[in-house]
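Novice: Structure below; questions to follow.
The values are calculated or read from the model by the stated rules, or taken from the named source; none is laboratory data. Predicted model, so just to flag it, every value in this text is computed and none were measured. Quick reminder, even Gly has a Cβ in these numbers, built from the backbone with ideal geometry, and neighbours come from all protein chains shown. Keep in mind that these areas ignore ligands, DNA and RNA; they rest on the heavy atoms of the full protein, side chains included. Shrake-Rupley method; radii C 1.70, N 1.55, O 1.52, S 1.80 Å.
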Amino acid sequence: MKVLVLFVLSFFVVGATALAQNTSGGFSFTRHSDLGVGVAPYGIVAADVDGDGDLDLATANRNSNDVSILLNDGTGTFAAADTISGFNLPESITAGDFDGDGDLDLAVCNAGANTAAVLRNDGQGSFSVDPAVPVGAAPHGINHGDLDGDEDLDLIVSDFNDATVSILLNNGDGSFVRASTPGVGTGPERAVVDDFDGDDDLDLAVANYNAGTVSILRNDGAAGFATAATMPLGDELHIPAAGDFDGDGDTDLTITSAGSGLVIMLDNDGSGAFAQTTSVMLAGRPWAGHSGDFDDDGDLDLVIAEYSASRVALLENDGAGAFSFATTLSVGQRPHFVIAGDFDGDGDLDLATANDGANSVTLLMNESMPVAVEEEVSLPRAPRLASNYPNPFTRTTTIAYSLPHTARVTLAVYDALGRRVRTLIDAQQPPGRYAVPFEADGLPGGLYAYRLQTDAQAQTRVMLLLK
């Protein structure tokens, strides 16, 4: 299994490394490059598709009916690898090991053909396209998770014109059958998949663009879904971002309302019931969102794509789930989707946007520095690996460690047989405190060990993945 961070032009580099840097508070990003992809990239995903230990990129290009593959050289410099054609208005893309062969495949939804298609990876980053699976009308979003608890990855497709989500169950070999179509509000966008009610199965949250509502669908453990709540939240709702924003051990939500300009925070009470807490106003039609610890302070911040302003906004978390505007970063025209990942291998989270008005991907490299020794008197005298949180976990957990001095660091995850399944960090790092997200997509439930290796010593702890 490879590292995964859970969207009929050939590739070219539109812009070289930019010199402009935007710094505010704990956030510091440089616009590194703009990469040419197909026409109107609506979706983007980061995944190690060629198995070399760094994050590559794939985009779903709606108006050129193709998927672009960009391979990373390990430093955050990307090169054209392939353009895969034959789709019909592909609007969204996701990555996972759908056929169980140990490499990361892709899946897209075709809004013009009412289908979903899997792109099988040969292990080297070359893909073949499976026969498409019928879904509902005009699918706008695709995501994945083990919905029925059989230790393979299923697909969730949002059927925009049918007000349903199509549940595609995996037969175990990467082929899928449409099992059910739970109803949601009109105009559903891409679903978020997580265990919202704490019962160890994956539930769904769907933002309904036309209805102005968010649907919460609870899983019965066998991929049977029932509507738990329908929340009216504003005009033109878009893709939710999820994370434990207030540090209480459950998964909260944020919703973007392009019509009202609001980024809305929804607090989970631990049972899957959500209440609106605060909101932040953004002027540039907030679109997609992503969560991550961008300032390295141990809590989850937000990045929001502002579609009409051709920028992203960074919102800083106070540690208790209250967000404040920090800064904006210029990107390509009309950013439709934004993701985060450590693209340059330096241990912090960078950003990438899919810009449908510029036919490009903008890379923003994180230059934030960890807390220095002289500023952090509580650093240990030796490297220290902390317990991951939450533990047990169902999909995402955070591994924290501290370094008293500069060291070569490897942080890796191993399965119960001692096989390395993820390399999270492999870099020289300065002293400070670090928090590294671990996404367990594609891994079966069970015990895993994570090991911190430095110049001086190695430390190992155990975590439990529940599926």
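Novice: Based on the Cβ-Cβ distance of L417 and D173, what FRET efficiency does E = 1/(1 + (r/R0)^6) give at R0 = 22 Å, to the nearest 0.05?
Specialist: Taking R0 as 22 Å, the efficiency between L417 and D173 is 0.45.
Novice: May I ask you to give the percent of accessible area on region 404-467 that is carbon plus sulfur, with a probe radius of 1.4 Å?
Specialist: Heavy-atom surface of region 404-467 belonging to carbon and sulfur, 1.4 Å probe: 53 percent.
Novice: Quantify how much of the Cα-Cα distance distribution of the chain extends past 31 Å, in percent.
Specialist: Tail of P(r) above 31 Å: 36 percent of Cα pairs.
Novice: Using the Kirkwood formula on the Cα atoms of region 271-325, what hydrodynamic radius do you get, in angstrom to one decimal?
Specialist: When all Cα pairs of region 271-325 are included, the Kirkwood radius is 12.1 Å.
Novice: If you don't mind, there's one more thing I want to ask. What's the carbon and sulfur percent of region 152-215's accessible surface, probe 1.4 angstrom, rounded to a whole number?
Specialist: Answer for region 152-215: carbon and sulfur cover 43 percent of the accessible area.
Novice: Would you mind getting the accessible area per residue of region 38-154, heavy atoms of the protein chains only, 1.4 Å probe, in Å²?
Specialist: Spelled out: the 1.4 Å probe surface of region 38-154, per residue, equals 28 Å².
Novice: Shifting gears a bit: With each label point set 7 Å from Cα along the Cα-Cβ vector, what nm distance links A229 and D122?
Specialist: Placing both labels 7 Å beyond Cα along the Cβ direction yields 4.8 nm.
Novice: Hey, rough spin-label estimate for T460 and D101, points 7 angstrom out along Cα→Cβ, what's it come to in nanometres?
Specialist: With each label placed 7 Å out from Cα toward Cβ, I get 3.1 nm.
Novice: Name the residue from S126, A138, F29 whose Cα lies farthest towards the positive end of the charge dipole of region 20-145, charges +1 on Cβ of Lys and Arg and -1 on Cβ of Asp and Glu.
Specialist: The residue sitting farthest along the positive end of the dipole is A138.
Novice: Set Lys and Arg Cβ to +1 and Asp and Glu Cβ to -1, take the dipole of the chain about its Cα centre, and tell me which of P444, N317, N65 lies farthest positive.
Specialist: Going by the Cα projections, it comes out as N65.
Novice: To continue, here is another question. Can you list the residues, at least 5 places off or on another chain, whose amide H is less than 5 Å from the amide H of A116, using H built in the peptide plane?
Specialist: N110, V133, V135
Novice: Could you size up the charge dipole of region 101-251 around its Cα centre, putting +1 on the beta carbon of Lys and Arg and -1 on that of Asp and Glu, and report it in debye to the nearest 20?
Specialist: 900
Novice: Sticking with this structure for a sec: Can you divide the C-alpha Rg of region 106-152 by 2.2 N^0.38 Å and report the result to two decimal places?
Specialist: Relative to the 2.2 N^0.38 Å estimate, region 106-152 comes out at 1.28.
Novice: Also: Given N residues in region 247-400, what is Rg(Cα) / (2.2 N^0.38 Å)?
Specialist: 1.12
Novice: Suppose the chain between T410 and A386 were pulled fully straight at 0.36 nm per residue; how much longer would it get relative to their current alpha carbon spacing?
Specialist: 7.2 nm
Novice: With the full set of protein chains in place, find how many percent of the accessible area of region 273-362 is carbon and sulfur; take the probe as 1.4 Å.
Specialist: Exposed carbon and sulfur together represent 47 percent of the surface.
Novice: In nm, what is the difference between 0.36 nm times the number of residues separating S324 and M281 and their Cα-Cα distance?
Specialist: Once the chain is fully extended between S324 and M281, it gains 14.5 nm.
Novice: If you average 1/r over all unlike Cα pairs in region 132-243 and invert the result, what Kirkwood radius do you get in angstrom? Walk me through the numbers on the way to the answer.
Specialist: Values: mean 1/r = 0.0732 Å⁻¹.
It works out to 13.7 Å.
Novice: Please turn the phi angles of region 83-98 into ³J(HN,Hα) values with the Karplus equation 6.51 cos²θ - 1.76 cosθ + 1.60 (θ = phi - 60°), one per residue in order, whole Hz, x for glycine and proline.
Specialist: Each residue of region 83-98 in turn: 10, 9, 10, x, 9, 9, 6, x, 10, 8, 8, 9, 10, x, 7, 6 Hz.
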